[in-house]
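Since the structure comes first, as structure tokens, the remarks are kept for the end.
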Amino acid sequence: MGVEEGVLFRAEPMRPNSSTVVIFCKPSIRVVFMTCLSRYNSSPQREPGFEPARAAIIAISSISIMDNQTRSEISRRRAIEAAFTILTRDGVGGLTFDSLARESGISKGGLLHQFRTKHGVLSALLDFQRQQFEHIGRDYKAKEGASKAEPSLAAQIAIYRESVNQPHSVARAILAAIIESPTLLEDMKPSDSAKMKALEDEATDLDLSLLRYFAASSLAFHALLGLSPVSDPARNRLFDRLLDEESWQGHNVPPKCSKRSAG
């Protein structure tokens, strides 16, 4: 039995003198009223007319348990998408709870309940970006990781490449948010430490791996800031080179120690 919000469902009694079931649904309230439910459960000969209504009640009760959390997640996602739109269009200065309420269609009170402060909104944006990029990294490892000697490094390079190639880059908005609230960088340190540990565990020449990693990050940040002196095709070619492990194998030599002069 399908149930839509804002619709009144009325199950007519199947027998005389039996009670009518009324089920009323709307976004914030789920009310179920059935006077004969106890009689249905205890009766040795259950009324067949009650079965559809009972099934509807059970279904709606299950929906109700999930609704609050689901609506909260949907509202949060909608607010985050609206915040990115505002940052891209108006900059960090244009991001206020009033503008976010207008853009998202969520009440200001609802937004304050979700995020409490502007810093909370920016922190949510940063967390959203981290999750998006982690997803890109996992997908890359699943598809290409088996063929790479350093899959974590390759995944990070792929993430930087994707951050530039996104049509409405999440990373560009995040950079603006970090400028507005530098303390957001503190939230990134545990994740960055984990990345460095993964690179170190896989590398045969850590210095070379770090050079490739920071070259990729530099290409991405220069492009995001509009400071890149290279064309898009040239940048993609450079990312290809950074990802090509074979082209770096000849450079994978430990640094030589300088000889001390005889004295």
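Listed here are the pairs K148/K197; K148/K189; K118/K195; which of them are more than 20 Å apart at the Cα?
Table pairs above 20 Å Cα-Cα are K148/K189; K118/K195.
Using a cut-off of under 20 Å, list every residue of segment 102-137 whose amide N is near the label point 7 Å from the Cα of K148 along the Cα-to-beta-carbon line.
Residues 129-137 fall inside that zone.
With each pseudo-label sitting 7 Å past Cα toward Cβ, what's the V230-K108 distance in nm, one decimal?
4.8 nm
Amide H neighbours of T96 under 5 Å, at least 5 residues apart or on other chains, H built in the peptide plane: list them.
It is none; the list stays empty.
Can you give the Rg to Rh ratio of segment 125-249, both from alpha-carbon atoms, with Rh computed by the Kirkwood formula?
0.95
Every number in this text was worked out from the coordinates using simple rules, so none of it is lab data. Everything numeric in this text was worked out from a predicted model, so none of it was measured. For neighbour counting, all protein chains shown are included, and Cβ atoms are generated from backbone atoms with ideal geometry for every residue, glycine included.
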